[in-house]
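Take a look at the structure below.
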Amino acid sequence: MLNSLRSILQEVNSANDFGDLLEIIVDRVKAVMNTDICSVYLLDAKTDTYMLAATDGLRQEAVGKVSMSAEQGLVGLVARKAEPLNLEHAETHPRFAYFPETGEEKFSAFLGSPIIHHRTVLGVLVVQQQQRRRFDESEEAFLITIAAQLAGIIAHAEATGELARAISPELEQDSASGEAHYSGLASAPGIGIGTGIVVALPADLNAVPKRRTGDIDGELAKLRDALDSTIKDLKTVHQDLADKLNPEEIALFDVYVSMLDDNSLGGEVSERIKTGVSAQYAWSRVILEHIRTFSAMENPYLRERATDVRDLGRRVLGYLQQQQHEEKHYPENTILIGEELAAPNLADVPFENIRAMVSAKGSYNSHMAILGRAMGIPTIMGAVDLPWSELDGCELIVDAHQGLVINSPTAQHLEAYEKVYEEELSFAADLEATKNEPSVTLDGQHISLWVNTGLRIDSMLSLDRGAEGVGLYRTEIPFLMRERFPSEEEQRQLYREQLEMFSPHPVTMRTLDIGGDKSLPYFPIEEENPFLGWRGIRVTLDHPEIFLVQLRAMMRASIGLNNLRILLPMISNTEELDSALVLIKRVYHELTIEEGYRFDMPAIGAMIEVPAAIFQIGEIAKRVNFISVGTNDLTQYLLAVDRNNPQVAELYHSFHPSLLKALRLILDDAKKYNCPVSVCGELAGEPLGAILLVGMGYEFLSMSSANLLRVKAILRQLNMSDMRELAEQACLLTDTFAIEDYLNKALDQPGIARLIRPTSSPSLL
Ligand code: PEP
Ligand code: MG
């Protein structure tokens, strides 16, 4: 069964379109289970009925015609109860309904399994048999397994509109405008209108965007060059290894070389290019097809050959991408798109050209989302159904208020969005007026608004917006942009620039926080469970050579400025803190006593982002000069919700009552030890979050610079006593939605509501 399942899924993955895919399912399931009929019924959301979408065994004329509600027939019963139904003699069941169009009267045995995605029954998969019999447990389990696999595929088809077309083919005409919608997680607000530019990880066969070309000869020449370079490499390796491998192993290199010639892969790809697609796209498609064929083979030796084909495929693709690197062009209205956008993708793009960013993977608090917010670039993460590799060069609207990507918009929608875009520009211009105003509440209490930085561009924006200091400089960001660890002197210059830019204001530099979703290309950390693994201080304590160089560079950079504060990430016990402090003091001693530099010992702080640290604030406060709460990780660890996983993004509750309790506890305990405490997670930059935090008593908030003026403008309109009362009441509520709802209603006042929600998306007809 497992083999059958694997080979069905392989075939499904290579289907040309959704209709084809359904045909494969019904055909193969019927054959493997040896039944007379297999059918798929899919939910038509418009009529709330389950429509026969594909069948092998019933009359084809019934496809797209026969449908039933959840109250009708056995299929309806499976859908309503959301559980499998296994009947030996279906006609005697009270819910049996007869549909003459299908020709099903002769069939007795019935087994149906619901197709469920995110708690919604999207369809029903059914097998039927003439002979009266009960399907056994393993058959039932098999059908349930196929249905579960099918669920994700159907959800994808639903998002891309393919499902609607499969159920009602006449929709093809409706979609003549070509406009398509995809949803994702609205992660940095705003509207972006422009041209899709796909960026992909190098040599990733699955990540090659579809590009059409008019220059077929040019693309053929690129292929020829890449193949020649690869053949040359293979021959060199062959020679170098000739005396180290046995003849069979050496023969493999000859096989590789022959696979690249014109009678084999080379020829096949050339033919594909001649249909008008780029060499990279043609190459990756052909290779993926071969990988699929090998992977589906029964013979384990042949199945293993898929790995060889993949390896060869990546080598050639690497060469093709090298050629392209020099040609890459980013238009003025670039919408950056990728399967998993990461900071290094930003390295080559002129900042002023980026209108929006969309990533198929990731979630609200992925680091890319945070960068998007910092730079004020509308960003959508977790657009899981986005056919991202096909959007290169497409005209797009990114509505990052509601998490919507529109491909090939109609003129009417384009016009509506352009209007909102203009309104946003004018709102931002209005906020500029607050730039030189002090950051005080209506009753005059000063709240320090600091910024989170990492890229040079967001430091510049921060200064322009009147930041009073840097609450979090993420040092790993410049590390992510390089091809090797920066040297001590390179780091010193980088940090010096940051300290000088903000001097005399304080700059809080966090020591390298890699691991989790921030892996350096030159220091890969591969783990099953990276967020619970080797991360932050754990890595730097294990690698004192990296830590010490960074500390030396930071301290040397502060000479003459003395505005440096050092922050330690991911502290989960006092032993880590003590070890880090020993190293910090050692560096200070070396630089001042042994090397004769003169500067003040920087203030040292610990991040509170691991739940264990909440209950040791006293112990931590005794050891450091300040603490800073990282609500992004604290929320993820407290709620056990991966901040990067779109599947559980709905559970990432920024106003969870337990989080609010934790925030109060941290503040109360820190006060007992006179330890200053700030918040540098994203909550501090959300209007409602900032109000709550100030109401609780936090006086230092550090946020993306894009939020700074808005938060300042809001705090200037509210009294401390009102915010205290709001926080008090919010903390009595029992869930995140009730809390948000309460705050939104309480703050629905003129002048404030617009600051909380400045613009809204146009309603699409
Ligand atoms: C946090 O975890 O809240 C934080 C500020 O750090 P980062 O987002 O870089 O993990
Ligand atoms: Mg963190």
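The values are calculated or read from the model by the stated rules, or taken from the named source; none is laboratory data. These figures come from a predicted structure and were not determined experimentally. For neighbour counting, all protein chains shown are included, and Cβ atoms are generated from backbone atoms with ideal geometry for every residue, glycine included. To get the accessible areas, we keep the full protein, side chains included, count just its heavy atoms, and leave off ligands, DNA and RNA. Shrake-Rupley method; radii C 1.70, N 1.55, O 1.52, S 1.80 Å.
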Of all residues in the range 531-553 being of a type in the set (D, E, K, R) and within 16 Å of ligand 1 (Cβ to nearest atom), the one that is most open to solvent (accessible area, probe 1.4 Å):
Arg538
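Matching residues to (1) touching a residue at least 60 places away in the same chain (Cβ under 8 Å); (2) open to solvent by less than 50 Å² (accessible area, probe 1.4 Å); (3) among the hydrophobic types (A, V, I, L, M, F, W, C):
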| site | (1), (2), (3) |
| --- | --- |
| His401 | yes, no, no |
| Pro409 | yes, yes, no |
| Ser426 | no, no, no |
| Ala429 | no, no, yes |
| Asp458 | yes, yes, no |
Counting only helices (runs of 4 or more DSSP H) wholly inside the range 588-662, the ones holding at least 2 residues that are buried (at least 16 other Cβ atoms within 10 Å of the Cβ) and more than 15 Å from ligand 1 (Cβ to nearest atom) are 617-623
For the range 2-18, which positions are farther than 19 Å from Thr145 by Cβ and surrounded by 17 or more Cβ atoms within 10 Å (Cβ to Cβ)?
Phe18
Residues (of a type in the set (Gly, Ala, Ser), within 9 Å of the chain's Cα centre (by Cα) and at pLDDT below 85) located in the range 340-375
Ser366
Take the residues in the range 353-377 that are in a loop (DSSP other than H, G, I, E, B) and out of contact with any helix residue (DSSP H, G or I) (no Cβ under 7 Å at 6 or more places or on another chain); name whichever of them is nearest to Pro331 (Cα to Cα).
Ile377
Output the residues belonging to the range 292-308 that are assigned to a helix (DSSP H, G or I) and without any contact (Cβ under 8 Å) to a residue 24 or more places away in the chain.
Thr293, Phe294, Pro300, Tyr301, Leu302, Arg303, Glu304, Arg305, Ala306, Thr307
Going by the conditions given, is Arg556 over 30 Å from Ala186 (Cα atoms), open to solvent by 40 Å² or more (accessible area, probe 1.4 Å), in contact with a Gly (Cβ under 9 Å, 6 or more places away or on another chain) and modelled with pLDDT of 95 or more?
no
Over the range 467-479, the set of residues surrounded by fewer than 22 Cβ atoms within 10 Å (Cβ to Cβ) and farther than 21 Å from Ala606 by Cβ is Glu468, Pro478
Exactly one of Leu532, Leu591, Leu581, Leu551 is within 30 Å of Met368 (Cα to Cα) and more than 15 Å from ligand 2 (Cβ to nearest atom), and that residue is Leu551
